[in-house]
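**Student:** Can you read through this structure? Questions will come right after.
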Amino acid sequence: MAVKIRLARRGRKRMAIYDVVVADARAPRDGRFIEKLGTYNPNTDPASININNERALKWLLNGAQPSDTVKAMLSYRGVLLQKHLQIGVLKGAISQEDADSKFEAWKATKEQAITGKVDILTQAKADARQKALDAETAKNQARLDAIKAREDEAKAAAAAEAAAAEAPAATEDVAPESPEASAEGEETQA
């Protein structure tokens, strides 16, 4: 029986989540499996890979063949390096302590790289959010300035209309008195 370590799809449409399973090569993709090793969620950034490394190493040492995608994930998690080091220990090329120290050193640098990437993504997201907030604030301020300018313009126009309305009224009040005054002046002279 050929045993494969592969992905089994689950989740809703366009939001797939995968189970990492050990299954018979003849079994359907989402069908019967021997053991579930973990999950893979490609919808997050960086992708979430949760695999039981010890069980995956056991299956690899027993001859299970990973699919291409699972092979990349196991390499990312260090399981293939662990397998390589364990084979060296079994052949007597290196001691178990050396293999463990090499794996721990690799694991520390890998975790540092992953946390660095997460920090960069978080900072970029925060910067984008702040930039959008600043743009929205500037846009709102421009709107407020335009509204205030229109209100000032309307007040100035209303003041000009009021002044224009008062000016003709003042000239009309003075004009009727002048003809009467001139008529009265003519009567007094006569």
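The values are calculated or read from the model by the stated rules, or taken from the named source; none is laboratory data. Quick caveat, the model's predicted, so the values are computed rather than measured. In this analysis, Cβ positions are derived from the backbone assuming ideal geometry, glycine residues included, and neighbour counts consider all displayed protein chains. What goes into the accessible areas is simple: the full protein's heavy atoms, side chains included, and nothing from ligands, DNA or RNA. Shrake-Rupley method; radii C 1.70, N 1.55, O 1.52, S 1.80 Å.
**Student:** For segment 9-18, in order, what is each residue's ³J(HN,Hα) by Karplus, 6.51 cos²θ - 1.76 cosθ + 1.60 with θ = phi - 60°, in whole Hz (x at glycine and Pro)?
**Tutor:** So the J values, rounded to whole Hz, are 7, 8, x, 7, 4, 6, 9, 5, 10, 10.
**Student:** Further, regarding this structure: Quick one: how many lysine pairs in segment 2-79 have C-alpha atoms under 14 angstrom apart, if they're 8 or more apart or on different chains? Kindly include the intermediate steps, with their values, before the conclusion.
**Tutor:** Numbers: LYS4/LYS36; LYS4/LYS58; LYS4/LYS71; LYS36/LYS58.
Going through segment 2-79 pair by pair, I get 4.
**Student:** Can you give the longest run of the chain that contains no trypsin sites (Lys or Arg not before Pro) sitting in a DSSP loop with at most 15 other Cβ atoms inside 10 Å?
**Tutor:** Values: sites that count: LYS13, ARG14, ARG26, ARG29, ARG32.
Formally, the longest exposed-site-free interval is 33-190.
**Student:** Which value, to two decimals, describes the C-alpha radius of gyration of segment 89-165 once divided by 2.2 N^0.38 Å? Write out the running numbers ahead of the final one.
**Tutor:** Details: Rg = 32.8 Å, N = 77, 2.2 N^0.38 = 11.5 Å.
Working it through for segment 89-165, the quotient is 2.86.
**Student:** Hey, how many Å between the Cα centroid of segment 43-76 and the Cα centroid of segment 79-95?
**Tutor:** With segment 43-76 and segment 79-95 each reduced to a Cα centre, they are spaced 17 Å.
**Student:** Can you list the lysines whose alpha carbon sits under 27 Å from that of LYS155, skipping same-chain ones fewer than 8 residues off?
**Tutor:** By straight Cα distance, LYS155 reaches LYS139.
**Student:** Which log10 I(q)/I(0) values does segment 45-125 give at q = 0.10, 0.12 Å⁻¹ under the Debye formula, counting every alpha carbon as one identical point scatterer?
**Tutor:** Calculated log10 I(q)/I(0) at the listed q: -0.30, -0.42.
**Student:** Pop a pseudo-label 7 angstrom from the Cα along the beta-carbon direction at both GLU151 and ALA25 and give the gap in nm to one decimal.
**Tutor:** That separation, rounded to one decimal, is 7.8 nm.
**Student:** State, as an integer percentage, the relative contact order of segment 22-120 based on alpha-carbon contacts under 8 Å between residues 6 or more apart.
**Tutor:** Details: 61 pairs, mean separation 16.1, N = 99.
Contact order relative to length: 16 percent.
**Student:** Still on this structure, I have one more. Obtain the radius of gyration and the Kirkwood radius of the chain from its C-alpha atoms and give Rg over Rh.
**Tutor:** Values: Rg = 42.1 Å, Rh = 24.3 Å.
Across the chain, the Cα-based Rg/Rh ratio is 1.73.
**Student:** Relative contact order for the chain: what percent, with Cα pairs under 8 Å and sequence separation of 6 or more?
**Tutor:** Here the relative contact order equals 12 percent.
**Student:** Next up: Could you size up the charge dipole of the chain around its Cα centre, putting +1 on the beta carbon of Lys and Arg and -1 on that of Asp and Glu, and report it in debye to the nearest 20? Provide the component values of the computation, followed by the final result.
**Tutor:** Values: 29 positive and 29 negative charges, 904 e Å.
The dipole of the chain has a size of about 4340 debye.
**Student:** Accessible area, 1.4 Å probe, largest first: how do PHE103, PHE33 sort?
**Tutor:** Details: PHE103 25, PHE33 100 Å².
The ranking, largest first, comes out as PHE33, PHE103.
**Student:** Rounded to the nearest 500, what is the 222 nm mean residue ellipticity of the chain from helices alone, with -39500 (n - 2.57) per DSSP H run of 4+ residues and division by all residues? Intermediate values should be presented prior to the final figure.
**Tutor:** Details: 4 runs with 126 residues, N = 190.
That calculation yields -24000 deg cm²/dmol at 222 nm.
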